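The values are calculated or read from the model by the stated rules, or taken from the named source; none is laboratory data. It should be emphasised that the depicted structure is a prediction, and the values quoted were computed from it without experimental measurement. Methodologically, a virtual Cβ is constructed for each residue, glycine included, from the backbone with ideal geometry; neighbour enumeration extends over all protein chains shown.
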């Protein structure tokens with residue numbers, strides 16, 4: 001079975017076509033500056049190799065959809081219902097689902113929700129102290145995101161270390177334009193920084209991180225701002241961009257500016273590294289210890305400087321980076337010293353592979369049961 005997995009950004013579309021269950025990559029590509037998904041889809045080679053299904057890394061569908069499902073009208077309605085909580089993400093995938101449905105009629109479409117991996121988070125870590133009606137009627141809870149990436153890390157790190165995943169207490173740091181951290185115990189997510197929406201947790205490039213909601217209400221009352229105006233500011237002008245004053249909040253731009261003496265950029269990087277350090281320590285406490293820390297995502301995998309800053313001061317937990325390995329290595333690798341009680345790993349994530357695995361499992365089961 002050949003499964004096409006499109007990974008969508010606000011102006012980009014990258015994809016892989018994987019032969020399953022062999023997990024062989026048949027084709028891959030990337031399109032930038034996408035303004036019309038239909039045009040981009042038309043450029044994907046879906047005839048050779050022939051595509052049997054399309055699987056999407058969907059984001060938020062509420063409490064009912066925290067798994068992998070065949071896409072139907074009810075699922076689409078759920079994504080539309082939670083559109084205000086994930087406006088950029090859900091809008092992109094809703095548009096892409098409709099475009100693929102029109103371009104490839106009759107091909108099964110699968111939604112592999114980012115929240116699936118975090119469905120194992122215990123209730124005491126997932127429940128907010130809000131009125132019961134908020135939780136029971138509207139699904140307000142900690143969902144967590146970047147699930148495909150954190151799941152891949154949970155499977156790949158034990159392979160790199162030669163240890164069973166059931167024995168590892170692992171902190172997965174997915175750091176990029178969008179960032180989150182996940183506590184993984186015995187291969188299962190037990191806590192994560194993103195909550196009800198992808199806005200929360202660590203500072204992202206342009207999205208605010210942890211924030212007292214009353215600060216938002218205060219500003220709305222003082223300035224007379226609408227919900228739409230505040231959403232725009234917090235989603236596009238917050239985060240590292242808001243801290244540094246540098247549009248886009250790209251860490252590479254912040255590092256270059258800090259090197260030139262920009263104090264706001266330097267502070268933004270320190271805020272980010274501090275939040276990562278603090279979270280690693282908190283998750284070590286939550287799991288009763290720590291065996292490994294993994295850095296992935298564009299920043300986590302590629303920025304030796306930021307990895308070093310994030311680990312600085314965590315020697316008391318047993319985290320000791322090897323400067324040479326951290327600076328000069330390449331590929332999936334251990335960057336901690338040989339005498340470090342806690343292994344530190346840098347690796348490339350593979351969200352498309354996780355989505356293809358989930359989709360294949362669903363479609364194979366559906367075929368056996370005669371459904372569809």
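A few remarks follow.
- The conditions of being free of Cβ contacts under 8 Å to residues at least 24 places away in the same chain and either in a loop (DSSP other than H, G, I, E, B) or within 19 Å of residue 280 (Cβ to Cβ) (or both) are not met by residue 171.
- Of all residues in region 18-43, those satisfying the criterion of being under 19 Å from residue 101 (Cα atoms) and touching a helix residue (DSSP H, G or I) at 6+ places or on another chain (Cβ under 9 Å) are 34, 36, 37, 38, 40, 41, 42.
- Restricting the first member to region 1-22 and to residues that are at pLDDT below 85, and the second to residues that are in a strand (DSSP E or B) and surrounded by 16 or more Cβ atoms within 10 Å (Cβ to Cβ), the beta-carbon pairs closer than 9 Å and six or more apart or on different chains are 12/31.
- Subset of region 334-351 [outside any loop (DSSP other than H, G, I, E, B) and either farther than 26 Å from residue 14 by Cβ or over 21 Å from the mean Cα position of the chain (by Cα) (or both)]: 334, 336, 342, 343, 344
- Residue match in region 72-80 (condition: part of a strand (DSSP E or B) and in contact with a strand residue (DSSP E or B) (Cβ under 9 Å, 6 or more places away or on another chain)): no
- When each of 224, 187, 195 is tested for being touching a residue at least 40 places away in the same chain (Cβ under 8 Å), outside the structural domain of residue 84 (by TED's automatic domain parsing) and surrounded by fewer than 23 Cβ atoms within 10 Å (Cβ to Cβ), the lone residue that passes is 195.
- Test: residue in region 95-107 that is surrounded by 18 or more Cβ atoms within 10 Å (Cβ to Cβ), modelled with pLDDT under 95 and more than 21 Å from residue 358 (Cα to Cα): yes
- Residue, farthest from residue 198 (Cα to Cα), within region 89-127, restricted to residues that are assigned to a loop (DSSP other than H, G, I, E, B), touching a residue at least 60 places away in the same chain (Cβ under 8 Å) and touching a helix residue (DSSP H, G or I) at 6+ places or on another chain (Cβ under 7 Å): 108
- Residues in region 132-151 that are more than 11 Å from the chain's Cα centre (by Cα) and either outside any helix (DSSP H, G or I) or surrounded by 24 or more Cβ atoms within 10 Å (Cβ to Cβ) (or both): 139, 140, 141, 142, 143.
- Annotation: residue 251 fulfils all but one of (1) under 30 Å from residue 168 (Cβ atoms); (2) at pLDDT 95 or above; the unmet one is (2).
- Condition check for residue 139: at positive phi, out of contact with any helix residue (DSSP H, G or I) (no Cβ under 6 Å at 6 or more places or on another chain) and not assigned by TED's automatic domain parsing to the domain that holds residue 282: yes
- Candidates 32, 23 - the one that is surrounded by fewer than 17 Cβ atoms within 10 Å (Cβ to Cβ) and farther than 14 Å from residue 5 by Cα: 32
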